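Data block below; observations after.
The values are calculated or read from the model by the stated rules, or taken from the named source; none is laboratory data. Owing to the predicted nature of the structure, the values given are computational and were not obtained by experimental measurement. Ideal geometry is used to build each Cβ from the backbone, glycine not excepted, and the neighbour counts take in all protein chains shown.
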Amino acid sequence: MTRAISNRRNATRQRLYDAAVTLIAAQGFSATTVEEIAERAGVAKGTVYYNFAGKSELFEEVLRDGVGRLAGELHRADEAALDRGTDAVGRLSAIALAGLVFIERNPSLTRLFTAELWRTHRAWHATLLSARRQAVEVVERVLHEGVKGGELDPALDVELTAGALVGMILVGALDWLSFHPERPLRDVHLALARLLHGRVRADAP
């Protein structure tokens, strides 16, 4: 496959991802048809089946691709913070900011991902858990290194804490976009950063 053909196919798949996310977020998986996805993406129905076995496989790939991109953004934010010599909590703050930015740009995808995590009967649940793992592992690495370096409590349950922090970013961002969209992103990030720094007590430094 030449690079030009590969690029065209990737562009087509991305249009299908975007169309599927928009439609399924608005009307649900069952109510969304392949014909609607193809029409919104501006391609023939056969193009969907050329790229995917069906709607379920397309949606599974949508989730895998979306969460993979989120994990990539978190990883890049952590690497940049690490290059600046930031401490563990500062790295977590940078990761939180990157997550908020990604979610602000991809709210429908985030709502679908969050909702599908609880639907364990879905055919794509194992794929979704694997994708989630990519995002959680970024945070786990920071926590492990923070504990090893003496910056964080050695009694910290890294696995549970990492999952909770990723959940905090996801749910915090969705709460912001759904109920407080007038609030600027910097305010939302500051609220999460204060939690990370333990600055919610009245006598906190």
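Residue by residue, here is whether (1) modelled with pLDDT under 90; (2) part of a loop (DSSP other than H, G, I, E, B) holds:
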| residue | (1), (2) |
| --- | --- |
| ALA4 | yes, no |
| ARG9 | yes, no |
| ALA19 | no, no |
| THR32 | no, yes |
| GLU35 | no, no |
| ALA38 | no, no |
| TYR50 | no, no |
| ALA53 | no, yes |
Filtered residues of the range 173-194 (kept if under 22 Å from ALA88 (Cα atoms) and free of Cβ contacts under 8 Å to residues at least 40 places away in the same chain): ARG186, ASP187, LEU190, ALA191, ARG194
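Restricting attention to helices (runs of 4 or more DSSP H) lying wholly within the range 59-152, give those where 2 or more residues are within 15 Å of VAL21 (Cα to Cα).
Working: elements: 88-105, 107-116, 125-148.
Per the criteria, 88-105, 107-116.
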Filter result (aliphatic (A, V, I, L, M), in contact (Cβ under 8 Å) with a residue 12 or more places away in the chain and more than 11 Å from ARG15 (Cβ to Cβ)) within the range 34-49: VAL34
Flag for LEU143 being in contact (Cβ under 8 Å) with a residue 40 or more places away in the chain and closer than 15 Å to LEU74 by Cα: yes
Count - residues of the range 50-73 that are without any contact (Cβ under 8 Å) to a residue 60 or more places away in the chain and either touching a Gly at 6+ places or on another chain (Cβ under 9 Å) or over 20 Å from LEU129 (Cα atoms) (or both): 6
Contacts under 9 angstrom Cβ, first residue in the range 104-129 being outside the structural domain of ASP18 (by TED's automatic domain parsing), partner among the polar types (S, T, N, Q), 6 or more apart: PRO107/SER178; SER108/THR22; ARG111/SER178; ARG122/SER56; ALA123/SER56; TRP124/SER56
Search result, residues across the range 175-197 that are crowded, with 16+ Cβ neighbours inside 10 Å, closer than 18 Å to ARG105 by Cβ and of a type outside the set (Phe, Trp, Tyr): LEU177, VAL188, HIS189, LEU192
Identity of the residue in the range 75-103, in contact (Cβ under 8 Å) with a residue 12 or more places away in the chain and not hydrophobic (A, V, I, L, M, F, W, C), that ends up surrounded by the most Cβ atoms within 10 Å (Cβ to Cβ): GLY99
From THR120, THR114, THR161, THR110, residue being β-branched (Val, Ile, Thr) and either exposed (fewer than 11 other Cβ atoms within 10 Å of the Cβ) or at positive phi (or both): THR120
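Taking the range 1-54 on its own, how many of its residues are of a type in the set (A, V, I, L, M, F, W, C) and surrounded by 11 or more Cβ atoms within 10 Å (Cβ to Cβ)? Don't jump to the end; show me each part of the working.
Within the range 1-54, the first condition is being of a type in the set (A, V, I, L, M, F, W, C), and the residues that meet it are 1, 4-5, 11, 16, 19-21, 23-26, 29, 31, 34, 37-38, 41, 43-44, 48, 52-53.
Going one step further and asking which of them are surrounded by 11 or more Cβ atoms within 10 Å (Cβ to Cβ), we end up with 16, 19-21, 23-25, 29, 34, 37-38, 41, 43-44, 48, 52.
So the answer is 16.
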